[in-house]
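Single-structure report; data block below.
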Amino acid sequence: MSRPLSLNRQLCAVLCGGFCGTITRYWLSQLIQAHLGKGWPYDIFLINITGALLLAFITTLADETFLIGPTRRLFINVGFLGAYTTFSSLALGGVQLATAGHWLSALSYLFISLAVGILAVWCGDMLGQWIINYKKTFAVVKSSLQESNMLSLLSLGKQQDHIDVQDDLLLDDEDEARIPR
Amino acid sequence: MFRDFEVKISMQSSVFVQTILVGLAGSLGASARYLLGRIVAKRVSSQIPFGTLLINVTGAFAIGLLFALTSQKFLSPALQTILATGFLGGYTTFSTLCWEGTQLIRKGNTAQSLCYFASTFMLGLFAVVLGIALGGIL
């Protein structure tokens, strides 16, 4: 069904995602520093937390191959979110706070980052599971409606209104073969 | 007035160029992380994700070194932003660290998960201090 993606395609997805993720972090960090000041590293904290939440959410969807295929997974998870979040700035921020004598804020920064990060992963995972369950329930309701011929009256039954996840698994030559003649 | 306008334009374009350079460095960092992670995952088969651990600790060492070199005026702040915020920010990752640690807890390996988090943070902080110290000697 799915051939493994070529290394070029994988690298391309990671490169593009990394570019977007780094620019988003750079821009967002300047924005947050302008609004909340530079005393406590709010920027890196908020970026890391939102990144962890999104990563858990997307990975849960990707494991069920719902909306996310392998290329999109590499682009979003490994490329974008991997580059968006950062560990090096977190560690440097902690050391800088500690060397400035603010031991308490250094410790709180590191511990709160880790604890809220784990909590964010858990929340993102729950959110993903919830959406998958919602989709499954919806599919069951839809198929039962189709059986009772109610949807065909509304001419919704034959409409293809889902995103083709398989499309993401195909390589270019397979894509061409699928074009209807 | 015309001169002010020119200065404004050149400042805006330098911000733009800086942003693009940060983004390019970040994309290189992200692909370095991906390739290194794959190589380590192939060589080492373990529950604890050593690839991410290695990446985060080496990235933390490098950012300490860069920080020390910049404060000694070896590197310009613009270059520091490109290398630290761009390359090292793209290279190291916090989201994967949290996800992998939480997956270990979910599989029932709570001890390994604690070990993973503790070693990443301890070694990471130690690496930053080491990098700053080494940059001070150079």
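The values are calculated or read from the model by the stated rules, or taken from the named source; none is laboratory data. The model shown is predicted, which means the values in this text are computed figures rather than measured ones. Quick reminder, even Gly has a Cβ in these numbers, built from the backbone with ideal geometry, and neighbours come from all protein chains shown.
Structure above, values below:
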{"read-out": "So A:Gly128, is it more than 7 Å from every other protein chain (Cβ to nearest Cβ), surrounded by 20 or more Cβ atoms within 10 Å (Cβ to Cβ) and part of a helix (DSSP H, G or I)", "value": "yes"}
{"read-out": "Conditions (1) surrounded by 23 or more Cβ atoms within 10 Å (Cβ to Cβ); (2) in a loop (DSSP other than H, G, I, E, B): number failed by B:Ala60", "value": "(2)"}
{"read-out": "Unmet requirement for B:Thr93, which otherwise passes all of (1) facing chain A (nearest Cβ under 7 Å); (2) within 30 Å of B:Ser14 (Cα to Cα); (3) surrounded by fewer than 22 Cβ atoms within 10 Å (Cβ to Cβ)", "value": "(3)"}
{"read-out": "Candidates B:Leu75, B:Leu125, B:Leu24, B:Leu28 - the one that is in a helix (DSSP H, G or I) and more than 7 Å from chain A (Cβ to nearest Cβ)", "value": "B:Leu28"}
{"read-out": "Residue pairs meeting the criteria (Cβ under 7 Å; at least 6 apart or on separate chains; first touching a residue at least 12 places away in the same chain (Cβ under 8 Å), in the stretch A:115-128; second of a type in the set (Phe, Trp, Tyr) and in a helix (DSSP H, G or I))", "value": "A:Val121/B:Trp99; A:Gly124/A:Phe57; A:Leu127/A:Phe57; A:Gly128/A:Phe57"}
{"read-out": "Test: residue in the stretch A:78-88 that is surrounded by fewer than 18 Cβ atoms within 10 Å (Cβ to Cβ), at pLDDT 90 or above and farther than 23 Å from A:Tyr134 by Cβ", "value": "no"}
{"read-out": "Exclusive hit being within 23 Å of B:Thr92 (Cβ to Cβ) and modelled with pLDDT under 95, set A:Ala106, A:Ala177", "value": "A:Ala106"}
{"read-out": "Conditions (1) farther than 21 Å from B:Trp99 by Cα; (2) touching a Gly at 6+ places or on another chain (Cβ under 9 Å): number failed by A:Gln96", "value": "(2)"}
{"read-out": "Some residue of the stretch B:108-115 being assigned to a helix (DSSP H, G or I), crowded, with 16+ Cβ neighbours inside 10 Å and at the interface with chain A (Cβ under 8 Å from one of its Cβ atoms)", "value": "no"}
{"read-out": "Condition met for B:Ile55 (farther than 29 Å from A:Ala115 by Cβ, free of Cβ contacts under 8 Å to residues at least 60 places away in the same chain and hydrophobic (A, V, I, L, M, F, W, C))", "value": "no"}
{"read-out": "Residue within the stretch A:28-45 that is buried (at least 23 other Cβ atoms within 10 Å of the Cβ), at the interface with chain B (Cβ under 8 Å from one of its Cβ atoms) and either at pLDDT 95 or above or part of a helix (DSSP H, G or I) (or both) present", "value": "no"}
{"read-out": "Selected residue (criterion: farthest from the chain's Cα centre (by Cα)) from residues of the stretch A:81-115 that are of a type in the set (A, V, I, L, M, F, W, C) and closer than 30 Å to A:Ala13 by Cβ", "value": "A:Leu92"}
